[in-house]
1. With a 1.4 Å probe and all protein chains kept in place, how do Met1, Met6, Met41 rank by accessible area, largest first?
2. Once the Cα atoms of the chain are picked out, what are the Rg and Dmax in Å?
3. Please give, to one decimal in nm, the separation of the simple spin-label points placed at Glu12 and Ser28, each 7 Å out from Cα toward the Cβ.
4. Test of understanding: what is the full-extension gain from Thr2 to Glu44, defined as 0.36 nm times their sequence separation minus their Cα-Cα distance?
5. Report the accessible area of His33, computed with a 1.4 Å probe over the heavy atoms of all protein chains in place, in Å² rounded to the nearest 10.
6. Got a sec to turn the phi values of the range 13-22 into Karplus ³J(HN,Hα) couplings, 6.51 cos²θ - 1.76 cosθ + 1.60 with θ = phi - 60°, whole Hz, x for Gly and Pro?
7. Report, in deg cm²/dmol and to the nearest 500, the calculated mean residue ellipticity at 222 nm for the chain, where each DSSP H run with n ≥ 4 adds -39500 (n - 2.57) and the sum is divided by the residue count.
8. Return one whole number: the accessible area per residue of the chain in Å², for a 1.4 Å probe.
Amino acid sequence: MTYHAMLTRRSEILKRHIGSLIIRENKSELTGHEGYFLQKMIKELHQNEYELNSGK
């Protein structure tokens, strides 16, 4: 598996997890820990997307 393929797969996984947390947040509030985890995953996704785009 190449580095680019790994970053692409990681982006897909992060998007899926972020989506499920956003759905949970819309139904009821997230706990403090879940909110922190959501922010951390969004930050990781942005960093991951930056690395994907800079490699092109």
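The values are calculated or read from the model by the stated rules, or taken from the named source; none is laboratory data. Quick caveat: nothing in here was measured; it's all calculated off a predicted structure. Ideal geometry is used to build each Cβ from the backbone, glycine not excepted, and the neighbour counts take in all protein chains shown. Note: accessible area is taken over every heavy atom of the protein model, side chains too, but ligands, DNA and RNA are not part of it. Shrake-Rupley method; radii C 1.70, N 1.55, O 1.52, S 1.80 Å.
1. Details: Met1 185, Met6 85, Met41 15 Å².
Correct descending sequence by accessible area is Met1, Met6, Met41.
2. Just the Cα atoms of the chain yield Rg and Dmax of 13.0, 40 Å.
3. The modelled label-to-label distance comes out at 3.2 nm.
4. On the way: separation 42, 0.36 × 42 = 15.12 nm, distance 1.92 nm.
So the extension gain works out to 13.2 nm.
5. 140
6. 5, 4, 4, 5, 5, 4, x, 5, 5, 5
7. Numbers: 2 runs with 48 residues, N = 56.
After summing the helix terms and dividing by the residues of the chain, the value is -30000 deg cm²/dmol.
8. Numbers: 4560 Å² over 56 residues.
That works out to 81 Å² per residue.
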